[in-house]
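Report on the structure given below.
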Amino acid sequence: MAISYTKISSVMGPLLYMKPIPNHNIKNGSIVRIQTRDGDIRTGQVLTVSRELVVIQVVEGTFGMSLGTTKITFLDDIFRVGVSREMMGRRFNGLGEPIDGGDPILPEELLDINGEPMNPVCRAYPRDVIQTGISSFDTLMTLVRGQKLPIFSGQGLPHNKLVAQIVNNAKVLSKEPFVTIFCGIGLLAEQSLYFQKKFEEQGATRVISFINLASDPTIERLLIPKIALTTAEFLAYKQDMHVLVVLTDITNYAEALREISNVKGEIPARKGFPSYMYSDFANIYERAGRIKGKKGSITQIPVISMPNDDISHPIPDITGYITEGQIVLSRDYHQQNIFPPIYPLSSLSRLMKDSIGGDNTREDHADITSQLYACYAKALEARELESIIGKESLSDNDKDYLTFAEYFELYFINQGESERSFESSFNVAWRLLSIMKKSELIRVKKENIHKYYIENFDPETFTKEKAWKRHIRE
Amino acid sequence: MKSKFDSSADLGTVISINGSVLKVEGFQDQSVGDMVNIGEGLNIIGEIIKIVNMVAIVQCYEETFGLELNSKVENYHYPLSMELGPGLLRTIYDGIQRPLKTLSHLSGDFLSRGIRAPALDREKLWNFQPTVEIGDYVTEGDFVGFVKELSQKHQIIVPPGIKGKIKTINSGEMVVEDCAYTLQLEDDSIKEFTLITRWPIRNARPYKKRFLPNKPLITGTRVFDLLFPVAQGGVVAVPGGFGTGKTVVQHNLAKFADADIIVYIGCGERGNEMADLLNSFPNLMDPKNNLPLMDRTIMIANTSNMPVSAREASIFSGITMAEYWRDMGKNVLLLADSTSRWAEALRELSGRLEEMPTEGGYPAYLATRLSNFYERAGLVQVLGKFKRMGSITIVGSVSPPGGDFSEPITTNTKRFVKAFWALDAKLAYSRHYPAVNWLDSYSLYNEVAKYWDDEIQEGWQKSRTVVNTILSKADQLESIAKLIGTENLPPNQQLILYVSTVLKEGYLIQNSFNDNDRYSSPRKTMELIELFIQFYKSSLKLIKLGVPVFRFKQMVCLHKLRRARLDYHSKDISNISELELEMRQEFESLEEQYVELT
Ligand SMILES: Nc1ncnc2c1ncn2[C@@H]1O[C@H](COP(=O)(O)OP(=O)(O)OP(=O)(O)O)[C@@H](O)[C@H]1O
Ligand SMILES: [Mg+2]
């Protein structure tokens, strides 16, 4: 039986405080329905409860709630979201309701949005790759199904463009079903429109969007990733699909977390963020994975815009401690008009080591990766040297490295909005490596050098081809 | 743990729920540490952590979503304890010793709340072979018999605090709950003992006497074995920012360290990493005796998305199991990844209790708790009539926020550890793994030097000194070289700079994903370093004859030396000795050329 209250004792931010009726066995975490004076219906959730006080968090905010006339009804249930295969290609808000003007979804199942932790012994170790179509990403920090690999960006860097490109181009190499869930957290209206337009350009039938706008209630930012991931779990583990979940922007999520924690009067840890932020993030990120004996998988790409480009800020820092690597965008690259501005040296995919190679990508993949890293790192040293002693005083070998770096940045990293398969990325990589003398390629196995190294390669080829391509287009 | 919720139970009532912390009133009897069972039908496990004005403050080991105000709570009147006995090895537990495999049979791929399963398999048969006879007088720590558990001789020990005369003793096949022996105690009562004993996780198991650790624990990682050794019974911290290689270090220790038993605690870390371990372990063999590695391992997997209270308990659960094996006279290695996650769990719980925070929001008792854990390591003479030594070595990773070592967990941990393996983000970014910073790291286990030189391989101390000198000189020279250019340094200084580069890439770097490189036996570690030193000394000698540094850089033997770690497996040491000969000859011929010239 649902019990109703009309006596609120305090209202603070999104929180309501009341004294429970004696013998009302209020359930921790249960949902309440709130009816305001003007008939507005809102949803809330029990945060803490004792005989003296029950604290309710109101999803849509407490604005305009009067102490005497607001009616609060305790429903004997926790937050659930209706999920269905029909959600494909649709757009929803932070409560899981359609916002694309289409029909409501007929749920196949109603699921607790908090999920349950996966039993570690049931996890299958991620082994198969996802192709994003971006050379630097695919070659140097390969994304693996079941992995969580964040993008560390900064204000004003083109991560939205990059994300849209990934959503549109990402694929698994097998014929298995693949779907992307796009979860926008605290997006500006304009950003949301941008994504919508980009996805529609591609038909968008494989994308499910969950959108929380900056103007939507703060608490919805905390719910929306959970709703998106609950949907993902349904599709992955009950419908055998490979699901890629893009969460942007986690910085907005963390700020919402801080705001609510502050209202609750909790003791903050670093920079005002709550001390449980690590566990809270983990409850989102750890929902990526694979299960033994199940076909589907959940892969996550969370986007973090680092305040002041500071990688040691709690948001990227805690994220980095939970995720399996990171893709770092570089402001330097961006200023040089390099797109996507993925900076290889500080980026890393921790799970690629077991997933790349002959069966999945190509037998020379690991060699290419490690050689490109080594060459680029050396090239940057040569650049530094050049800035001290001048180009003329460099050895021929160092000059090769300089050329390598120049073309690497211009043609490998800076691929623009085009899509490249693994194969074509590797081929570009081999051209770059062929700028170097064979003896410099110590990280590559002899047989791979023999098979792929291009003798007497002229780096000018890159420039010519580009000019030629432009010519064709015009 | 059986729940009754009936008239015979001591029941209380939930009067407040705040996350995983509850207030419960109405117990007839209660003490701090009592385990409780919360909510009929939910069966949430909890522990009384405080009593304030007759109200018990309870910390729950599971989610409290859906728990009702005024729910009943049953007090079990015993503390959170480990079940100790045959069947621990190869098992994977959560932070409060629930066997995760068994749980997966009960609740599928996800962990539901309120499921229980005994830690030790109740149906498995063990062949108990007694080693005492009726009438023998036994006291705490004495062995009364053993069962064969995988490759280990699992001794059944008289529990601490017990002494008496063997009244009856069984033998042959039995399950863990069967009576193995009975004792006539001093008051003439008869007490029955099974193969299981229980021990509260917050109390250290007693031992006879503590000793200074003096024997090295061979890790199979060169930079540790040569430069920053740890002793059996020692304590090490491995701090480093994210991605600097802490987990890889821990996994390597789990695989290659020279210990009898490994307790691996995944404390608040990633599920996929545990999957990686579980995946790779069954195919790996102990380099020492070629037995499956899994056979010596106990794992605790309390990943970051599993309940925080269980995460807080996990390291104490782990050390209790470690002590149990130590008491059989074994050398146990406990790996905790990461102790920072443990401390954060402590902080989270303390916050819910509205305790006064200190630095970084951590409770004032942080240091005490840390020492409760680290002080349980050590080399000891265990209980029992016969003199037997056992040890627990702890290697704990520390994950400082922002990679900044001045934060409270790192600084507090430093007080309790004698070896410090500082991992450096700069080295990691340049793919220098293990990213051990040779300037910030240290080991105070100087006592192992004698053992190395006498028992393992002579020359350890000498080589170590030479390497340390080269590395620290090179670091000083680097800054000068940056100002005036390397070629303007005197040749012997150029040589130091060059040798230090070669040492780093050819010796200190150790690739865990390369079959030949991932494990370096003490022989390989020593023979390799001697070659590098030989290269350095021979070059130094020729420099005095006027041989320019670039000539050394072109030597064939050098090229081979730089690749030796990758080319030769620890089993092919003979190749390294051949390289030694080659090097000597090449230097001799180089010398001849120059002697002729002058
Ligand atoms: N010895 C090594 N050989 C080769 N690669 C290594 C080695 N050590 C670390 N790495 C690389 O560094 C990555 C990160 O290492 P690891 O997972 O151990 O970091 P961590 O310090 O545990 O990070 P976190 O604090 O986020 O858990 C690995 O996935 C691997 O790619
Ligand atoms: Mg780690």
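Every number here is computed from the coordinates shown, using simple stated rules; none is lab data. On a predicted model such as this, the values are computed, not experimentally measured, just so you know. Cβ placement follows ideal geometry from the backbone for every residue including glycine, while neighbour counts extend to all protein chains displayed.
At a glance:
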read-out: Sequence-separation-based contact order of segment B:492-598, relative, with Cα cut under 8 Å and 6+ spacing, percent; value: 37 percent
read-out: Rg to Rh quotient for segment A:365-473, alpha carbon positions, Kirkwood Rh; value: 0.98
read-out: Solvent-free Debye scattering, log10 I(q)/I(0), computed from the Cα coordinates of segment B:514-598 at q = 0.17, 0.25 Å⁻¹; value: -0.68, -1.18
read-out: Principal axis dimensions, segment A:248-335 - Cα atoms, whole angstrom, descending; value: 45, 40, 18
read-out: Per-residue mean of C-beta atoms belonging to partner chains within 10 Å, peptide B:341-349; value: 3
read-out: Magnitude of the charge dipole, segment A:206-286, Cβ model with Lys/Arg +1 and Asp/Glu -1, debye to 20; value: 80 debye
read-out: Over segment A:167-323 - Rg/Rh using Cα atoms and the Kirkwood inverse-distance radius; value: 0.99
read-out: Shape box of segment A:107-196 [Cα atoms, principal axes, largest first, Å]; value: 42, 36, 26
read-out: Taking all pairs of distinct alpha-carbon atoms in segment B:466-555, Kirkwood radius in angstrom; value: 14.1 Å
read-out: Longest to shortest principal axis, alpha-carbon extents of the protein assembly as shown, angstrom; value: 103, 92, 49
read-out: Selection from A:21, A:250, A:134, by position along the positive dipole direction of chain A (Cβ); value: A:21
read-out: Packing-based exposure ordering (other Cβ within 10 Å, fewest first) of B:277, B:427, B:125; value: B:125, B:427, B:277
read-out: Segment A:3-77 - Rg and Dmax from Cα coordinates, angstrom; value: 10.9, 30
read-out: Square roots of 5 times each gyration tensor eigenvalue, C-alpha, chain B, largest first, Å; value: 52, 29, 19
read-out: A:31, A:41 arranged by Cβ crowding within 10 Å, fewest neighbours leading; value: A:41, A:31
read-out: Segment B:164-316: mean projected area of Cα convex hull, nm²; value: 13.4 nm²
read-out: Kirkwood Rh, angstrom, chain A [1 / mean 1/r, Cα pairs]; value: 24.5 Å
read-out: Rg and Dmax [Cα atoms of segment B:10-79; Å; Rg one decimal, Dmax integer]; value: 10.2, 29
read-out: Those chymotrypsin sites (Phe, Trp or Tyr not before Pro) in segment B:509-567 that DSSP places in a loop and that have at most 13 other beta carbons within 10 Å; value: B:513
read-out: Segment B:126-195 - Rg (one decimal) and Dmax (whole number), Cα, Å; value: 11.4, 39
read-out: Cα-based radius of gyration of segment B:1-154 once divided by 2.2 N^0.38 Å, which approximates compact folds; value: 1.28
read-out: Length-normalised contact order of chain B in % [C-alpha pairs under 8 Å, at least 6 apart]; value: 13 percent
read-out: Debye intensity ratio I(q)/I(0), log10, segment B:209-446, q values 0.08, 0.15, 0.18 Å⁻¹ (C-alpha model); value: -0.28, -1.02, -1.47
read-out: Lys/Arg +1, Asp/Glu -1 at C-beta; segment A:46-174 dipole; positive extreme among A:105, A:94, A:156; value: A:156
read-out: Rel. contact order, % - alpha carbon contacts under 8 angstrom, at least six apart, segment A:365-473; value: 30 percent
read-out: Cα convex hull of segment A:53-130 - mean projected area over all directions, nm²; value: 10.0 nm²
read-out: Principal semi-axes in Å for segment B:233-334 [√(5λ), Cα gyration tensor, largest first]; value: 21, 17, 14
read-out: Sparsely packed GluC sites (Glu not before Pro) within segment B:147-204, loop by DSSP, other Cβ within 10 Å at most 15; value: B:177, B:186
read-out: Whole-Hz ³J(HN,Hα) from phi, Karplus 6.51 cos²θ - 1.76 cosθ + 1.60, for segment B:60-66, glycine and proline x; value: 9, 8, 9, 3, 10, 3, x
